[in-house]
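Take a look at the structure below.
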Amino acid sequence: MKTKFLNYKQKYINVDDTHTVAYKEYGKVGGVPVLMLHGGPGGSINTNLIKLIDLDYFHLFTIDQRGCGLSTPKGCLKNNETSLLVEDIEKIRQTENLDKCIIFGRSWGTTLGILYALKYPQHCLSLVLRGIFLARDEDEDWTFHGSQKIFPLQWAEFSHGLNPSCNLNQQFASLIFGASREIALEASRRMTQYFNILATNNPLSPKPSANDDDLIANRIFLHYSMNHYFLDDFHLTERLSDLEKNNIKGYIIHGGKDYDCRVEQAYLLHKLWPSSKLIIEPEASHCDYQDFILKDIFSVFEEIKGS
């Protein structure tokens, strides 16, 4: 595996009157372009994944979504919604004079990657999707409510003091946006801890400290969650078959024991996009720090090189 991933150019693009989106350029100029999309919403690029990509062959760009990472204003929710994130990807492609690109997304980044491919199929060479998230209401209900079937004790701590019969995302939003700073930080800490448990399948996941970075990330996440990921009128699942109709090539990598983004989302996507290559690791969680998941990502990019 290549490890030449520290050499990069830091770049910025003004995407509107409010937001400047930060992105990094790695690898071979003129090589096969890859646009890498992080999870969240409100997440960050996992730089450990960069070393899985042969930078002597690929021309990689990692994008900090609006309000995230080095993008400014940090944590800003104004003009921060799904369709605009998709347009930011396209603006970067145009700015860099790229033609067809590989879109490499993980978790929430898979949602954005699919949306980009549906809108701009002519500029999508292929999709590499790790940990599918389709952003349906039922997926969000699983995160905040259904997952208690797997981690009942941890969920009880997560939801302590809240009304379990009402939407927990709304209740957390009232704490994180409308309460005192002390209460907001503690609510954010509980969210981060429980989401870490879901991602790793580790009920003993270390208790994180309350901090501003997690608070910003969780505010962005709740902003999207409370607005149904700004997909109310899009009907994403009804359009997934368009990936097949548009001859989009792609790879789906998912964990069989992913209790954050359930594996049935990967199966549904593959059913509606049968030409995609489906890779299910039976024992894997949502976390990327697993040898078989890292091997799968590396192997996919090596297969693309040979195709």
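Looking only at region 244-270, which residues are touching a helix residue (DSSP H, G or I) at 6+ places or on another chain (Cβ under 6 Å) and among the aliphatic types (A, V, I, L, M)? Residues satisfying the conditions are 248, 252, 253.
May I ask you to say which residue of 29, 86, 34 is assigned to a strand (DSSP E or B) and either within 25 Å of residue 286 (Cα to Cα) or not aromatic (Phe, Trp, Tyr) (or both)?
Working: 29 fails: assigned to a strand (DSSP E or B); 86 fails: assigned to a strand (DSSP E or B).
From the options 29, 86, 34, the qualifying one is 34.
So which of 62, 95, 72 ends up being under 27 Å from residue 255 (Cα atoms) and of a type in the set (S, T, N, Q)?
62
Per the listing 35, 70, 84, 60, the residue uniquely in contact (Cβ under 8 Å) with a residue 12 or more places away in the chain, over 23 Å from residue 227 (Cα atoms), surrounded by fewer than 23 Cβ atoms within 10 Å (Cβ to Cβ) and of a type outside the set (Ser, Thr, Tyr) is 70. Scoring residue 156 on the criteria (1) of a type outside the set (Ser, Thr, Tyr); (2) part of a helix (DSSP H, G or I); (3) assigned by TED's automatic domain parsing to the domain that holds residue 36 leaves a single failure, condition (3). For region 287-302, a residue qualifies if it is under 24 Å from residue 248 (Cβ atoms) and either part of a loop (DSSP other than H, G, I, E, B) or free of Cβ contacts under 8 Å to residues at least 24 places away in the same chain (or both), and the qualifying residues are 288, 299. When region 89-109 is filtered for residues that are aromatic (Phe, Trp, Tyr) and either in contact with a strand residue (DSSP E or B) (Cβ under 7 Å, 6 or more places away or on another chain) or part of a loop (DSSP other than H, G, I, E, B) (or both), only 104 remains.
Residue 2 meets all of the listed conditions (1) at pLDDT 95 or above; (2) of a type in the set (Lys, Arg); (3) assigned to a loop (DSSP other than H, G, I, E, B) but one, namely (1).
The values are calculated or read from the model by the stated rules, or taken from the named source; none is laboratory data. Here the structure is a predicted model, which means the values were calculated and not measured. Backbone-built Cβ (ideal geometry, glycine too); neighbour counts: all protein chains shown.
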